[in-house]
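The numbers here are math on the coordinates, done by the rules we state, and not lab data. Predicted, not measured: the structure shown is a model, and the values here were computed from it. Note: ideal-geometry Cβ built from the backbone for every residue, glycine included; neighbour counts use all protein chains shown.
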Amino acid sequence: MVNGIIEFGRDGEPPEPDGRLDAPTFHRNHAAIGAVLESALRGWTGDVLEIGSGTGQHAVAFARSLPTVTFWPTDLNDNHLRSIAAWRAHAGLGNVMAPARLDAGARDWPLAALGLPSAFIAMFCANVIHIAPWAVAQGLFAGAGRHLADGGRLFLYGPFRRDGAHNAPSNAAFDASLRRQNPEWGVRDTADLRALAGQNGLRLSDIAEMPANNAVLTFTQTTSARKE
């Protein structure tokens with residue numbers, strides 16, 4: 001999996017002495033995203049896998065508001081993994097597990113070797129697939145197809161084209177900027193994601209509009225596509 005444009009902590013405020021990083025975007029989006037997750041998962045019990053957890057702030061915030069759900073954060077970046085561990089220790093929540101190094105674009109996810117469960121009631125991924133090659137989206141949906149429990153949800157947050165059209169000039173400009181930096185990056189289209197979901201036993205069940213022309217796409221596991 002290719003690292004994103006932003007490595008938290010490289011620019012801006014330095015980390016806290018314990019390694020905690022602070023993402024300005026977290027403060028702008030976590031309440032809106034959290035409302036979607038709380039509505040969908042309230043009353044559920046089980047495990048949630050977070051892909052590309054970044055600083056770890058989302059996992060802590062959502063675990064606090066969903067105490068019956070256990071969050072398993074993952075990332076590839078060493079600084080991010082240290083920050084996730086530090087936020088976990090700082091929060092002192094029993095339903096946030098230690099972070100694991102996971103490449104979402106891998107053909108198979110070695111969950112057992114990483115000490116992670118084999119099945120999840122939900123997966124959450126924010127601001128990843130547009131700053132990574134399409135192979136990462138393919139790996140993410142394949143992993144969701146294999147490891148989501150029946151009726152489980154995959155929540156994707158970020159900017160998205162809607163059936164071939166950008167929903168705002170700012171997103172069109174952002175897309176062009178991404179593709180100039182790396183032709184394999186770019187704002188992904190809901191039509192392509194819907195097709196990718198269908199190939200892996202999921203369907204696009206909801207689009208929740210978010211501030212700054214972003215959205216949370218919810219995909220629901222509809223067939224037993226897991227490979228145990």
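Taking N as the number of residues in segment 5-112, what value does Rg over Cα atoms divided by 2.2 N^0.38 Å take?
1.05
What percent do you get for the relative contact order of segment 150-217 when only Cα pairs under 8 Å and 6+ apart count?
Result for segment 150-217 is 41 percent.
Sequence-distant or interchain residues sharing an amide H contact under 5 Å with Glu50, placed H: which?
Amide H to amide H, under 5 Å and 5 or more residues apart or across chains, Glu50 pairs with Trp72, Thr74, Phe124.
Using θ = phi - 60° and the Karplus curve 6.51 cos²θ - 1.76 cosθ + 1.60, what whole-Hz ³J(HN,Hα) does each residue of segment 92-105 get, with Gly and Pro shown as x?
Here the 3J(HN,Hα) series is x, 8, x, 9, 10, 8, 4, x, 10, 7, 10, 9, 5, x Hz.
If amide H atoms are built 1.01 Å from N in the plane of the peptide, which residues on other chains or at least 5 residues away come under 5 Å of the amide H of Leu148?
Phe120
Rounded to the nearest 0.05, what FRET efficiency do Ala112 and Glu16 have when you use their Cβ-Cβ distance and R0 = 30 Å?
0.35
Out of all DSSP beta bridges in the chain, what portion is antiparallel? Express it as a percent rounded to 5.
40 percent
Please tell me the relative contact order of segment 104-217 in percent, rounded to the nearest whole number, where contacts are Cα pairs under 8 Å and at least six residues apart.
Averaging sequence separation for qualifying contacts and normalising by length gives 28 percent for segment 104-217.
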